[in-house]
Amino acid sequence: MHKPLLPKRKNIRLSGYNYSLEGCYFVTIVVQKRLCLFGDVVDGLMNLNAAGNMVSMAMMELEERFPGVKIPYSVVMPNHVHFIVYLPGDIRLNNVVSSFKGYTTHLYSELLKEGARPYLGKLWQRNYYEHIIRSSRSYDFISHYIIVNPERWNKDALNTHHDPDPDNIMKTVLDIP
């Protein structure tokens, strides 16, 4: 019996780029089906529930799990996380992200026993978005974006109930040298 062929996924990584090079990367990881599992945004502030607090703690623990890795900015949103990660040059970005996803999935499974909202098959979407930060201007823009993300939740395209005209501020990131 043959497995059905799945559609070929577009590779979103920069072709030929060595993702273990020293530098800063902007990463977004989204919950499967964009389920809001980590809390709510109220009056422009993110109110984390137990699962959101767990994800936040796991984010901070990345610096301990990977010596030399720094997470200067991060935000846990109802259905996704954004963070800037500095890699010292001997650790691959995909190792950090897959470790985070695996660890938080394990911890979330424990929270299910305590009544956390069930997820659908997998906690996180298969892939993640990353952007190589190549300038201080880009770094400043992205760090500001992370800080104000809860204030913009109603316009955020990752919010399944966003305003009819969501902003496309993340497309701006790609245009910053």
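The values are calculated or read from the model by the stated rules, or taken from the named source; none is laboratory data. Every value quoted in this text rests on a predicted model; they were computed, and no experiment measured them. No Cβ is skipped: glycine too gets one built from the backbone with ideal geometry, and neighbour counts run over all protein chains shown.
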Tell me the residue from PHE141, PHE66 that is farther than 16 Å from VAL27 by Cα, without any contact (Cβ under 8 Å) to a residue 40 or more places away in the chain and aromatic (Phe, Trp, Tyr), please.
PHE66
Across region 121-135, the tally of residues that are loosely packed, with under 13 Cβ neighbours inside 10 Å and either over 12 Å from TYR25 (Cα atoms) or at pLDDT 95 or above (or both) stands at 3
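The rows are residues; the columns are (1) β-branched (Val, Ile, Thr); (2) part of a loop (DSSP other than H, G, I, E, B).
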{"position": "ILE84", "(1), (2)": "yes, no"}
{"position": "GLY89", "(1), (2)": "no, yes"}
{"position": "VAL97", "(1), (2)": "yes, no"}
{"position": "THR105", "(1), (2)": "yes, no"}
{"position": "TYR108", "(1), (2)": "no, no"}
{"position": "PRO118", "(1), (2)": "no, yes"}
{"position": "ASN127", "(1), (2)": "no, yes"}
{"position": "ARG152", "(1), (2)": "no, no"}
{"position": "THR160", "(1), (2)": "yes, yes"}
Filtering region 17-63 down to residues that are part of a helix (DSSP H, G or I) and small (Gly, Ala, Ser) yields ALA50, ALA51, GLY52, SER56, ALA58
Given (1) aromatic (Phe, Trp, Tyr); (2) in contact with a strand residue (DSSP E or B) (Cβ under 6 Å, 6 or more places away or on another chain); (3) within 25 Å of ASN53 (Cβ to Cβ), TYR139 misses just (3)
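Based on this model, can you work out whether ASP40 counts as under 18 Å from ASP156 (Cα atoms) and acidic (Asp, Glu)?
Numbers: under 18 Å from ASP156 (Cα atoms): yes; acidic (Asp, Glu): yes.
In short, yes.
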Does GLY89 fit the bill of being touching a residue at least 60 places away in the same chain (Cβ under 8 Å), more than 15 Å from the chain's Cα centre (by Cα) and on the phi > 0 side of the Ramachandran plot?
yes
Of all residues in region 50-65, which are of a type outside the set (Lys, Arg) and surrounded by fewer than 17 Cβ atoms within 10 Å (Cβ to Cβ)?
ALA50, ASN53, MET57, MET60, GLU61, GLU63, GLU64
Go through (1) closer than 22 Å to ASP140 by Cα; (2) modelled with pLDDT under 70 one by one and return the number of the condition THR28 breaks.
(2)
Which condition number does GLY68 fail, the rest of (1) part of a helix (DSSP H, G or I); (2) exposed (fewer than 13 other Cβ atoms within 10 Å of the Cβ); (3) modelled with pLDDT of 95 or more being met?
(1)
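Starting from residues that are surrounded by 12 or more Cβ atoms within 10 Å (Cβ to Cβ) and in contact (Cβ under 8 Å) with a residue 40 or more places away in the chain, keep the ones in region 97-114 and report whichever is farthest from LEU62 (Cα to Cα).
Just the residues of region 97-114 that are surrounded by 12 or more Cβ atoms within 10 Å (Cβ to Cβ), to begin with: 97-105, 107-109, 111-112.
Next, from what is left, pick out any that are in contact (Cβ under 8 Å) with a residue 40 or more places away in the chain: 97, 100-101, 103-104, 107-108, 111.
Values: VAL97: 9, PHE100: 7, LYS101: 11, TYR103: 10, THR104: 11, LEU107: 14, TYR108: 17, LEU111: 20 Å.
Residue satisfying both the conditions and the ranking: LEU111.
Kindly evaluate ARG137 against the criterion of being in a helix (DSSP H, G or I) and basic (Lys, Arg).
Details: in a helix (DSSP H, G or I): yes; basic (Lys, Arg): yes.
So ARG137 fits the description; yes.
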